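J.: Structure below; questions to follow.
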Amino acid sequence: MKSPLLSLPGAVPAEGVDEGVAAHYGDLFREQRALADGTGFVDLSHRGVVTVTGDDRLSWLHLLLTQHVSDLPTGEATEALILSAHGHIEHALYLVDDGTTVWAHVEPDTQDALIAYLESMKFFYRVEVTDRTADFAVVHVPAGSIAEVPEGTAVRETPYGRDLFLPRADLESYAEKAGPPVGILAYEALRVEHHRPRLGFETDHRTIPHELGWIGTAVHLQKGCYRGQETVARVQNLGKPPRRLVFLHLDGSEVHLPPAGTDIRLADDGPDGRKIGFVTTSVRHHELGPVALALVKRNIPLDARLLADTTAAAQEVVVEP
């Protein structure tokens with residue numbers, strides 16, 4: 001779904017999964033600094049929006065999600081996953097309940113598959129699942145922002161800022177009042193800085209929550225059964241995940257960033273050594289320079305020097321080995 005804000009001055013369209021919103025508005029580092037300083041807003045209107053209504057909405061979702069939501073307080077933001085029967089991550093939901101409706105935003109173009117799964121699990125519960133993507137747009141306002149939130153807007157308040165569920169028809173008028181627009185590349189740079197995983201970027205078909213540090217933030221370990229819970233409990237109590245998320249400081253002398261999927265090897269083995277991981281997201285940060293998130297084998301030493309293709313990289317621990 002193409003955002004009307006792509007008509008704003010300087011807007012350069014994003015590509016790939018984030019197609020439909022602006023990658024930037026002409027000055028990537030200025031936009032990053034604006035977010036870090038608590039000004040501006042990010043157009044995330046390409047993301048899917050799903051609502052769940054009905055008296056049983058929280059107790060029903062509690063049975064399906066990795067997060068404890070049966071007693072979720074009104075207005076409290078949380079995030080949750082849906083796993084496969086083998087514990088692999090299939091969906092990531094960013095939730096808030098406004099007292100009558102659970103609002104969730106999800107990765108672009110994943111809402112259809114999510115809704116199909118939820119519909120298949122309704123049984124006798126008093127719930128209604130609705131795709132609201134055509135009617136509502138997600139806008140991110142950074143922490144510290146004093147921008148006014150339109151009355152009646154569902155809001156997810158997080159340590160990183162507020163996610164607003166705006167009527168799509170109000171997106172342009174909101175943009176006129178909300179300060180400088182910030183592109184998705186700046187938003188992604190700060191996401192990487194904060195070591196926050198993203199479905200489809202830090203995940204593949206076999207990713208389990210422990211590998212990405214999603215235990216605690218999106219997975220509650222003291223709740224009842226849900227699909228994939230056996231794997232979560234077994235790894236938590238008896239073992240370790242096969243891979244771990246790391247934060248990489250990349251050689252700043254390189255012109256090009258190693259793209260997602262770039263093989264990672266031990267520097268001592270050279271560029272022809274065995275593959276020990278891969279880059280998941282790489283960005284240019286306004287203070288840190290070129291940095292990335294990556295998945296590597298769990299037993300790689302913490303002080304090991306790495307290569308992302310031919311780019312030297314030093315690792316910083318995100319998930320303990």
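The values are calculated or read from the model by the stated rules, or taken from the named source; none is laboratory data. On a predicted model such as this, the values are computed, not experimentally measured, just so you know. Cβ: placed from backbone, ideal geometry, glycine included. Neighbour counts: every protein chain shown. To get the accessible areas, we keep the full protein, side chains included, count just its heavy atoms, and leave off ligands, DNA and RNA. Shrake-Rupley method; radii C 1.70, N 1.55, O 1.52, S 1.80 Å.
J.: Which one of Gly144, His220, Gln236 is farthest out on the positive end of the charge dipole of the chain, using unit charges on Cβ (Lys, Arg +1; Asp, Glu -1) and the Cα centre as origin?
T.: Checked the options; the winner is Gln236.
J.: Does the stretch 43-127 come out rounded, prolate or oblate by the C-alpha gyration tensor, with a ≥ b ≥ c the root eigenvalues, rounded set by a/c under 1.5 and, if not, prolate when a/b is larger than b/c and oblate if not? Write down the numbers at each step before the final one.
T.: Values: a/c = 1.40, a/b = 1.08, b/c = 1.29.
Judged from the Cα gyration tensor, the stretch 43-127 comes out rounded (a/c under 1.5).
J.: Going by Cα centres, the stretch 288-303 and the stretch 49-85 are how many Å apart?
T.: About 32 Å separates the Cα centre of the stretch 288-303 from the one of the stretch 49-85.
J.: If you add up the charges near Phe247, with Lys and Arg at +1 and Asp and Glu at -1, over every other residue whose beta carbon is less than 10 angstrom from its beta carbon, what do you get?
T.: Working: positive: none; negative: Glu193, Glu316.
Value of the local net charge: -2.
J.: Taking the stretch 112-191, which trypsin sites (Lys or Arg not before Pro) meet the DSSP loop condition and have no more than 16 other C-beta atoms within 10 Å? Present the calculation step by step, with values, prior to reporting the outcome.
T.: On the way: sites: Lys122, Arg126, Arg132, Arg156, Arg162, Arg168, Lys177, Arg191; in loops: Lys122, Arg126, Arg132.
Sparse-neighbourhood loop trypsin sites (Lys or Arg not before Pro): Lys122, Arg126.
J.: Based on alpha-carbon atoms only, what is the radius of gyration of the stretch 27-79 relative to the globular estimate 2.2 N^0.38 Å?
T.: Details: Rg = 16.8 Å, N = 53, 2.2 N^0.38 = 9.9 Å.
Here the answer is 1.69, to two decimals.
J.: Do any trypsin sites (Lys or Arg not before Pro) in the stretch 1-60 lie in a DSSP loop with no more than 14 other beta carbon atoms within 10 Å, and if so, which?
T.: Those that pass, being in a loop and sparsely packed, are Lys2.
J.: Does the stretch 160-240 come out rounded, prolate or oblate, given a ≥ b ≥ c as the square roots of the eigenvalues of its C-alpha gyration tensor, rounded meaning a/c under 1.5 and, failing that, prolate meaning a/b above b/c? Write out the running numbers ahead of the final one.
T.: Details: a/c = 3.21, a/b = 2.25, b/c = 1.43.
It is prolate, given that a/c is not under 1.5 and a/b is the larger ratio.
J.: Using a 1.4 angstrom probe on heavy atoms only, work out the carbon and sulfur share of the accessible area of the stretch 178-256 in %.
T.: Details: 1900 of 3480 Å².
Roughly 55 percent, rounded to a whole number.
J.: Also, quick follow-up: Rounded if a/c is under 1.5, else prolate if a/b beats b/c, else oblate: with a ≥ b ≥ c from the C-alpha gyration tensor eigenvalues square-rooted, which is the stretch 1-147? Before the final figure, lay out the partial values.
T.: Details: a/c = 2.24, a/b = 1.82, b/c = 1.23.
The shape class here is prolate.
J.: For the stretch 209-321, report the accessible area per residue in Å² (1.4 Å probe, heavy atoms, rounded to an integer).
T.: Each residue of the stretch 209-321 exposes 49 Å² on average to a 1.4 Å probe.
J.: Under 10 Å, Cα contacts only: if you run a Gaussian network model on the chain, which one of Asp309, Asp112, Asp98 comes out with the highest mean-square fluctuation?
T.: For the chain, modelled as a Gaussian network with Cα springs under 10 Å, the answer is Asp112.
J.: Near Lys122, which aspartates and glutamates are there with a Cα under 12 Å away, not counting those fewer than 8 places off in the same chain?
T.: List returned: Asp56.
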